[in-house]
Amino acid sequence: MTAGRCELCGRADVRTTRHHLIPRRTHRLKRIRKRFGRDDRLGRILHICRPCHSHIHAVLGEKELAEVYNSREALLEQPDIATFVDWIAGKPPGFRPQIRRPRR
């Protein structure tokens, strides 16, 4: 974790984590290997705050992230993510909301 600006919500002076846009667990899947080269699979990373990171994984599964939401723009087009990002963008750097995980 490093301090910086979240690449999703834009909040400054927050601790950021690396979010792999193509989750590492999906790298071995044949359809992912065919679609994305090694450098692309390893290099698609966003530095985002923990609340944004937790919310992404609460809303989307890894296969869905790898196949559909594998860019910043695609994540921001997803309605649940967009609503959350708009909401948290105005919160102070230390703010950490409770994330309610949906039942799967």
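The values are calculated or read from the model by the stated rules, or taken from the named source; none is laboratory data. Since the structure is predicted, the reported quantities are computational estimates derived from the model, not experimental observations. Neighbour counts run over all protein chains shown; Cβ positions are idealised from the backbone, glycine included.
Some points to look at:
- Filter result (surrounded by fewer than 17 Cβ atoms within 10 Å (Cβ to Cβ) and closer than 16 Å to Ile22 by Cα) within the stretch 59-104: Gly61, Glu62, Lys63, Glu64, Glu67, Val68, Ser71, Arg72, Glu73, Ala74, Leu76
- Residue in the stretch 42-59 that is nearest to Phe95 (Cα to Cα), counting only those that are under 8 Å from the mean Cα position of the chain (by Cα) and not in a helix (DSSP H, G or I): Ile48
- Scanning the stretch 51-80 for residues that are charged (D, E, K, R) and over 11 Å from Leu8 (Cα atoms) turns up Glu62, Lys63, Glu64, Glu67, Glu77, Asp80.
- Total residues in the stretch 62-79 satisfying the condition of being touching a residue at least 12 places away in the same chain (Cβ under 8 Å) and either closer than 13 Å to Arg24 by Cα or in a helix (DSSP H, G or I) (or both): the figure is 9.
- Matching residues, the stretch 80-100, being more than 15 Å from the chain's Cα centre (by Cα) and either of a type in the set (Lys, Arg) or not in a loop (DSSP other than H, G, I, E, B) (or both): Trp87, Lys91, Arg96, Arg100
- Residues satisfying the criterion are absent from the stretch 28-37 (criterion: surrounded by fewer than 13 Cβ atoms within 10 Å (Cβ to Cβ) and within 30 Å of Pro93 (Cβ to Cβ)).
- The set of residues from the stretch 1-45 being modelled with pLDDT of 90 or more and touching a Leu at 6+ places or on another chain (Cβ under 7 Å) comprises Glu7, Leu8.
- Check on His19, surrounded by 17 or more Cβ atoms within 10 Å (Cβ to Cβ), part of a helix (DSSP H, G or I) and in contact with a helix residue (DSSP H, G or I) (Cβ under 9 Å, 6 or more places away or on another chain): no
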